[in-house]
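Written below as structure tokens is the structure these notes are about.
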Amino acid sequence: MTANRLARLIPQDVRSGSVEIIVINDVTSHLYQPGLLYVALDLAFPENFKKPQKQVLLPGVQNLVDPCVHISLSDREVICQSGKKIEYDILVIATGSVPDFDAIEGFREGAESFYTYNEAMHLRERIQTFDQGKLLLIIGVPHKCPVAPLEFIFMLDDKLRKTAKRDQVNLYYTYPIGRLHSLEHVATWAENEFERRNISSEIFFNAESIDPSRKKVFTLEGEEVDYDLLVGIPPHKGAKIIRDSKVAEGDGWIPTDRQTLQMKGQQGVYVVGDATDLPISKAGSTAHYESEVIAANIAKELRGEQPVAAYNGKVFCFIEAGLEEATHIEFDYQNPPTPSIQGPLVHDFKLAFNEMYWLSLRGLV
Ligand SMILES: Cc1cc2nc3c(=O)[nH]c(=O)nc-3n(C[C@H](O)[C@H](O)[C@H](O)COP(=O)(O)OP(=O)(O)OC[C@H]3O[C@@H](n4cnc5c(N)ncnc54)[C@H](O)[C@@H]3O)c2cc1C
């Protein structure tokens, strides 16, 4: 999105070749990750959410599929798996975040998830035949799309009701802190929804390990909890390349200026999306709004002008509240989110955006 927006802002430079925009990726197709929710619940076909990477980039933007194995900020170069070295004047880091499936012992063997393509496809099969027992949902923070676990539980609740299986299933949602969600107003909203739908929940629930043979989760709080089907979202980390190249310490979140989106202490290096260490939701919409700022500022820099666009922390998320209704939240650094207007129209908007995403990726909406 950042590359496409930039190409739109400086068409002559791109056409003449005076500016080269190269997107380096490690996969050939682009996955619309929000679609995984619908895939896992068997509500959509997976191929709807994938397109070849080169199809989503505008003409003039180069698509290099060659995983990056090292980033050298001091030499201003990126080294790819093939051995190719690419020098840069301006670098945009958009390496995202990854679920750490090893953070909870036994997770890989014992838990289902829907945060990667393969996991979602696997869970889809389990959901197709799950019609009785206890579904336990465990969540580790931070993770991308903070509202997706709530969406999952509300949509599943509705799906089970529609097939008259809800009475045989205990939906059991857990959250690691002292309320149902990290965003306070969302937690309050969810509490009411849980009551209305008879969804069980437990707070201060931090899974430490899983024993798949006994179908038990052990928590840091000292509990031992049974399940029939375990679904989990493990805590996330920054991409491996960021940690391996020491671009960021610890869990690999890149120190980023909250307004300019430049990497702290690094001239001409920008960070977009999940990769930042900003205290805001890791969401596609965050990346969307950030990309507007970054593309505008790079275009300015290339003209020798002052980059003045500033990111205000804007995030917009639809929240599915079942199979036919949704709400939404909008917030920024100054204004906290409050779910408002819930109903079928918002759900229709979410479905429409799932289609429109491909246009927004091209910088059109
Ligand atoms: C189930 C689910 C539901 C979601 N729902 C929503 C939603 O409704 N709304 C919303 O706003 N957000 C949602 N999100 C979150 C959203 O998908 C992410 O926040 C968004 O994709 C982040 O964009 P990004 O560009 O930072 O990272 P990504 O989209 O993850 O892209 C990172 C890219 O970097 C590539 N990469 C990593 N390492 C290397 C390397 N070494 N070399 C080359 N390439 C590399 C990866 O392959 C990937 O293509 C959802 C996510 C999930 C999983």
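The values are calculated or read from the model by the stated rules, or taken from the named source; none is laboratory data. Fair warning: this is a prediction, and the values are worked out from it, not measured in the lab. Here the Cβ is made from the backbone with ideal geometry for all residues, glycine too, and neighbour counts use every protein chain on show. With ligands, DNA and RNA removed, areas are computed over all heavy atoms of the protein, side chains included. Shrake-Rupley method; radii C 1.70, N 1.55, O 1.52, S 1.80 Å.
3J(HN,Hα) along region 100-106, derived from phi through the Karplus expression 6.51 cos²θ - 1.76 cosθ + 1.60 where θ = phi - 60°, amounts to 9, 5, 9, 5, 10, 4, x Hz, with x in place of Gly and Pro. Give me the percent of the accessible area of the chain that comes from carbon and sulfur atoms, probe 1.4 Å, all protein chains in place. Its accessible area is 49 percent carbon and sulfur atoms.
Calculate, in nm to one decimal, what Gln306 and Gln168 gain on full extension: separation in residues at 0.36 nm each, minus their alpha carbon distance.
Numbers: separation 138, 0.36 × 138 = 49.68 nm, distance 6.21 nm.
Net length gain for the segment: 43.5 nm.
Peptide packing for 258-264, 135-141, 53-59 was compared via the average number of neighbouring C-beta atoms within 10 Å per residue; ordered from the highest value, the list is 135-141, 258-264, 53-59.
In angstrom, the C-alpha Rg and Dmax of region 1-103 are 16.2, 49. Once you have a ≥ b ≥ c as the square roots of the Cα gyration tensor eigenvalues for region 99-236, tell me rounded if a/c is under 1.5, and otherwise prolate or oblate according to whether a/b is larger than b/c. It is rounded, given that a/c, with a ≥ b ≥ c, falls under 1.5.
Test of understanding: what is the full-extension gain from Ile177 to Ser213, defined as 0.36 nm times their sequence separation minus their Cα-Cα distance?
Working: separation 36, 0.36 × 36 = 12.96 nm, distance 2.77 nm.
Extending this stretch completely gives an extra 10.2 nm.
Treat every Asp and Glu Cβ in region 99-236 as -1 and every Lys and Arg Cβ as +1, leave all other atoms uncharged, and give the resulting dipole magnitude about the Cα centre to the nearest 20 debye.
Values: 16 positive and 24 negative charges, 116 e Å.
Computed charge dipole of region 99-236: roughly 560 debye.
Scaled to the globular estimate 2.2 N^0.38 Å, the Cα spread of the chain, given as radius of gyration, is 1.03.
If you place +1 on the Cβ of every Lys and Arg, -1 on the Cβ of every Asp and Glu, and leave all else neutral, what size is the dipole of the chain about its Cα centre, to the nearest 20 Debye? Walk me through the intermediate numbers first.
On the way: 37 positive and 51 negative charges, 194 e Å.
Dipole about the Cα centre, nearest 20: 940 debye.
Could you let me know the centre-to-centre spacing of region 222-264 and region 294-365, using Cα atoms, in angstrom? Here the answer is 22 Å between Cα centres. The angle separating the long axis of helix 184-197 from the principal Cα axis of greatest extent in the chain is about 40 degrees.
In order along region 281-286, the phi-based Karplus estimate (6.51 cos²θ - 1.76 cosθ + 1.60, θ = phi - 60°) of 3J(HN,Hα) comes to 4, 7, 9, x, 5, 4 Hz; Gly and Pro are listed as x.
Counting heavy atoms of the protein chains only and a 1.4 Å probe, report the per residue accessible area for region 1-133 as a whole number of Å². Mind showing how you got there, number by number?
Values: 7030 Å² over 133 residues.
Result: 53 Å² per residue.
With each label modelled as a point 7 angstrom along the Cα→C-beta vector, the Asp226-Thr129 pair spans 2.1 nm. Each residue, Asp75 and His185, gets one label point 7 Å from its Cα in the Cβ direction; the gap between the two is 4.9 nm.
A full extension of the chain between Asp244 and Tyr333 corresponds to an added length of 29.0 nm, given 0.36 nm per residue minus the alpha carbon distance.
Taking the longest Cα principal axis of the chain as reference, the axis of helix 148-162 is set at about 40 degrees. Each of Gln306, Phe316, Ile329 was placed along the dipole of region 303-365 (beta-carbon charges, centred on the mean Cα), and the one lying farthest toward the positive end is Gln306. Take every DSSP beta bridge whose two residues both sit in region 99-236; close to 35 percent of them are antiparallel.
My understanding is that a pair violates if its Cα-Cα distance is over 32 Å; which of Lys51/Lys282; Lys84/Lys314; Lys54/Lys314; Lys50/Lys215 do that in this structure?
Details: Lys51/Lys282 22 Å; Lys84/Lys314 37 Å; Lys54/Lys314 28 Å; Lys50/Lys215 34 Å.
Correct reply: Lys84/Lys314; Lys50/Lys215.
Relative contact order for the chain: what is it in percent, counting Cα pairs under 8 Å that are at least 6 residues apart? Can you show the working numbers first?
Numbers: 707 pairs, mean separation 69.1, N = 365.
Relative contact order of the chain: 19 percent.
What does DSSP give for the chain in terms of the percent of beta bridges that are antiparallel, rounded to the nearest 5? DSSP beta bridges in the chain are roughly 55 percent antiparallel.
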